1. Stretched out fully, how many nm does the piece from Arg200 to Asp61 gain, at 0.36 nm a residue minus the Cα gap?
2. Quick one: pull the percentage of alpha-carbon pairs in the stretch 155-247 with a separation above 23 Å.
3. Provide the FRET efficiency to the nearest 0.05 for the Gln275-Gln95 pair, computing r from the beta carbons and using R0 = 22 Å.
4. Excluding same-chain residues fewer than 8 positions from Lys217, which lysines have a Cα within less than 19 Å of its Cα?
5. Which length gain, in nm to one decimal place, applies between Gln247 and Thr32 when the Cα-Cα distance is subtracted from 0.36 nm times their residue separation?
6. May I ask you to derive the relative contact order of the stretch 155-247, considering only C-alpha pairs under 8 Å and at least 6 residues apart, and to give it as an integer percent?
7. Return the sequence-ordered ³J(HN,Hα) values of the stretch 186-193 in whole Hz as given by the Karplus equation 6.51 cos²θ - 1.76 cosθ + 1.60 applied to θ = phi - 60°, using x for Gly and Pro.
8. List every residue whose amide H lies under 5 Å from the amide H of Ile30, counting only residues 5 or more places away in sequence or on a different chain, with H placed 1.01 Å from N in the peptide plane.
Amino acid sequence: MRPAFSVIFLCLAVGLASSCRGDAGSSPVIATVNKEEIRRSEFEEFLKLKMGEFNRADIPDSISSQMLDEYIRRRLVLEEAAASGLTITGAEVEQAAGDNPPMKPSAALAASREEIVNNLLVEKYYRQVLLRDLRVPAEEVQRYVEANQAQLIDRPGYYVREIRVQSRELLERLRKDVIEGGKNFAAASREHSDAPNAERGGLARYDEGQLPGVLAKAIEPLRPGDVSQIIQSNYGFHLFKLERRIQPHPPDDRRSQVAERRSQLAEEFVARRNQQAVDEGVERLVLAASVKISDADLGFTYSGRFRHN
């Protein structure tokens, strides 16, 4: 890959130089992060990527505040990734883009590629910086497995993938993209879902009776590969894809199944420790950051994390 290509991707990923933002300079400044300006047009583009086409007046101020907080945290991580010398190659972008349906030309193409680069840079920063020196002692893993012995019992359940967002309109579009457009469900979850399992492509295992009734009812009639209808809960709007069902095994098969489940519990514990390390690392960036919100140009009443930062 030519060096100039790397520079282009770094510019896309960090998104700080005005030359990477076209006419963003005419948009009002809504916040400053470590003396770097965030313009409203940049935030609106982020909202569009995360929530789809929307009527701005229909988004509650509380959701806008949460999304601005997420955008600021993301900017802090991208700044640190650039400061750490991390870059994304064209090959990495093309591989990630392969999980998505053909992208539209012009502005939509640029926005989609920028989001892919940002996602890859964030993941690389987590993996190569925040998790680089993390070691999970085997004794801690064993204690976690033993404390969760009840999960080793062979009981009916299922593996599903989930997308959870705060906008029905966005989820309707994603459902159509997955069913009719061939979009990869796991990629859509990683890109748009705000559920804790988003980084795993929305994958989770549930025993029967573990999920709230309204969600379990939507999964119940599905066959492997089927995608559910959209379900609303107190947490947002959900979409599920059934991967496979789990049925009790005959006694002579249970020993190997218990061993497999113990291995899954161990992986689950390591994943939790990884997530804890990431959360703590990002929190350190937040605490060290200088953030100022410009309320007059926001267009909504801000009530988020950085109100008194």
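Rule-based calculations on the coordinates, nothing more; no lab input. Note that the structure is predicted; figures quoted are calculated from it, not measured. With ideal geometry, Cβ positions are generated from the backbone for all residues, glycine too; neighbour counts draw on all protein chains shown.
1. Numbers: separation 139, 0.36 × 139 = 50.04 nm, distance 2.91 nm.
Value of the extension gain: 47.1 nm.
2. Numbers: 582 of 4278 pairs.
Here the long-distance tail beyond 23 Å is 14 percent of all Cα pairs in the stretch 155-247.
3. Numbers: r = 24 Å, r/R0 = 1.09.
The value I calculate is 0.35.
4. Partners found: Lys241.
5. Details: separation 215, 0.36 × 215 = 77.40 nm, distance 5.36 nm.
Result: 72.0 nm gained on full extension.
6. 44 percent
7. Here the 3J(HN,Hα) series is 4, 5, 5, 5, 4, 7, 10, 5 Hz.
8. Amide H to amide H, under 5 Å and 5 or more residues apart or across chains, Ile30 pairs with Ile38, Arg39, Arg40.
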